[in-house]
Every structure is written in C-alpha cells, then in structure tokens.
1. Would you mind putting 146-156, 269-279 in packing order, based on average other-beta-carbon counts within 10 Å, highest first?
2. Using Cβ contacts closer than 10 Å as the measure, can you line up L225, L199 from fewest to most?
3. Would you mind pulling out the separation of the Cα centroids of the range 62-79 and the range 236-254, in Å?
4. Using a 10 Å cut-off on Cβ atoms, rank the peptides 163-169, 11-17 from the highest mean neighbour count down.
5. Between the range 119-198 and the range 306-353, what is the C-alpha centre distance in whole Å?
6. Okay, helix-only estimate at 222 nm for the chain: each DSSP H run of n ≥ 4 adds -39500 (n - 2.57), divide by all residues, round to 500 deg cm²/dmol; what do you get?
7. Got a sec? How would E69, E21 order by Cβ neighbour count within 10 Å, fewest to most?
8. Return the subset of K55/K269; K113/K220; K93/K220; K93/K226; K273/K355 for which the Cα-Cα distance in this structure is over 21 Å, preserving the input order.
Amino acid sequence: MMNRAYNFNPGPAALPLPVLEAVQAEFVNFKGTGMSIVEMSHRGKDYEAVHNHAKEMLYKLMSIPSDYEVLFLQGGASLQFAMVPLNFLAPGKTANYILTGSWSEKALKEAEKLGGTFVGGSSEDRNYSYIPELGRLQIDPDHAYVHITSNNTIFGTQWHEFPDTKGVPLVADMSSDILSRPIDINKFALIYAGAQKNLGPAGVTVVIIRRDLMEQANDKIPTMLKYTTHANANSLYNTPPTFAIYLLAKVLDWVGQLGGVEAVLAQNKAKAKLLYDAIDESGGFYVGHAEPGSRSLMNVTFTLADKELEAKFLEEAKAKGFVGIGGHRSVGGCRASIYNAVPMEACEALRDFMKEFRSRN
Ligand SMILES: *Cc1c(COP(=O)(O)O)cnc(C)c1O
C-alpha cells in the first residue's frame, strides 16, 4: 500500500488508488499525444472522447433515462443552491425545502433571496439526528419544487426512501452519496453533486436534469447560470474543468470494474456495519449521533460519552495515521467519512482502533 494514509476526509476525499496510478502513468504523455490532458484543447478529439465517455458512464452506471441531460458544471454544489431557484422559482411561486442539516439550510437561504419558500419538514428539533417521516412532509401540489439533501455529510444521516411528491419536481443535493447505491432517477427532476466526495476531485459538479423541467426554466437570467446553455453545448459552452472531468471518467470506469452501484452498495454496507457495530457494542462508550433508522452509509458520526477521552481518542487516532476523523466544527465529536473509494481495510483498522481504545480506557 506504499504509505497510503487511512483517509477518512469528508471532502475532498479519498480516491481509488488504481485511478491515481493510472493518471500518474499517462500524465505527461496522454495516449501518445506528447502532452498531458490538461494541456490540450477542450474542443479537440482526444479531450472530447474523455468528456463523452464520462457522460456515457454516468448514464450507464446510474441507469439514467434518455429524457434526462447530464451536465458538467463549475461552482460546486454551492452554486446549485442558487441556480436551482434562479431557474425554477418563478415569481409568485413557492419552493419547498426539507431541512435535514447545514447544507439544506444553506440551499434554503439562497432560495429565500430569490422568491417564496416553505419548509415542508425539518429535523432541526433534535439537532438533525434523523430524517423526517415521509408521511409527515407537507407538500402542496402548487409548489415549484421540493428540495432535499439525500445524505447529510455533517450530521451523518441519509434518506433511505424518497418522498412521492405527486408530480411536484423533486430536486436533490446528492453531493455526498451520489453513485453509492442504486437510485430510481425517475423520482427526481434534478440531481446535483459536487464531485469531491464520491466522484473525483473538486472542480466539477454533476447535474442530472429532466429535459421537460429544464425547458420550463426562467429565461431572464445570465447565460452561464442557465441549465439550457450547458445542455445545448454538451457542457462545452465555455472551457470545462478538463482535469476534473478526466478523473471523473477514471473513477466511473473503476466503479464499472467493481461491478457497478449494486456492488458498491454491498461494499458500503459492509464498511459502515463495521463502524456502527463498534459503536453499538461499546455499551455507551461511543455514542452515535444519527438515529439508527436514519444512519448514513457515507458519514459515520459519533461522540465519546466522556469528553476528555474524546480529545484523547482524536489525538491518538491522528498519531496512528487516521486522517480526517474530527467532527465538523459545527457539531464536534468524531466523523469517519467512508465514501466509495475508502477501502475496507481502512474501516477495519479504525474499527480495531476503536475497540482497542475502549478496552484500554
Ligand atoms: C460538500 C457538500 C456541499 C458543498 O459542496 P461545494 O462543492 O463545496 O459547494 C453541498 N452539499 C452537500 C450535501 C455536501 O456534502
């Protein structure tokens, strides 16, 4: 494993070692061109093949129907917080935001600047430790769209079922769990995800959008902020983040070689189980933040019942080479981000450390 760290970073996060090695091997002379992928025109055939391959692989791996567009944008998931309401929150209309953590709050805040909003469900009352019951969500057929965050990176909760919005377009921020499990794309009108957790490096944002919704968008907005601009140009309206898309293509090939999202899900479940079992079997030594029915397979959040021991745990974990275990500054505690590319061995090592630390203390 040539000194690879046990990388539990929340994002940017671990990438598959075979991907990094493949990139390294062809970096200075990409396919006999005598240059690297980042030194060539985005309009040339060599780059375009990579770009189109990334797109095709997303359609294939995620079973995206042909009435959806796949876009490669910039500005991160954070720009999507604004682009969604700019395009789809018409004057006089109301957008529905389900609040399950800090990222959904941020998305709501952008929509509030641009039009009417409504909070159709929230788990703020118990510090975002659960996903609201589907049957209790308030959704009006007249809402412009319903926005959810499928995985709450900071609090460690994840939607395991999605609401039936009865025809109201469902928009999901899937930044931290895209491609981690099979998803029925037909339930969604728009999905967006910054790449730096499960898909590749920072710099590209994947958007999957149903064409009929896209075509109803507000026309009086800046060209670069319109989904149609990018859809009509195969995401080559302006210079795309070529290196990020190239790496995305490699990560997608890697997922394909593993056996696709079904295989990835099985692996993710096994990895998460190791850590949740270590929490559940600790007799209250480790305390999980998320309620069991809402637990994330991507971000395992926990605290230690004894705060002094928690500081010691984090310090020792760091000394042992576990990277990125500290909880987000807004919630504290510990968080292990175990995205697709985090190997099983890293989770086993952390599980062993958690057990060993507990028996010693
Ligand atoms: C990381 C993250 C974001 C922010 O992404 P940027 O690409 O940095 O804007 C938004 N939503 C979720 C769920 C995230 O995990």
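Quick note: the coordinates plus some simple rules give every number you see, no bench work behind them. Note that this is a predicted model, so its numbers are computed, not measured. Cβ atoms come from the backbone with ideal geometry, glycine included; neighbour counts cover every protein chain shown.
1. 146-156, 269-279
2. The order, fewest Cβ neighbours first, is L225, L199.
3. Answer, in whole Å: 13.
4. With the highest mean Cβ count within 10 Å placed first, the list reads 11-17, 163-169.
5. Spelled out, the Cα-based centre of one part sits 26 Å from the other.
6. Helices in the chain give a 222 nm mean residue ellipticity of -11500 deg cm²/dmol.
7. E21, E69
8. From the list (K55/K269; K113/K220; K93/K220; K93/K226; K273/K355), the Cα-Cα distance tops 21 Å for K55/K269.
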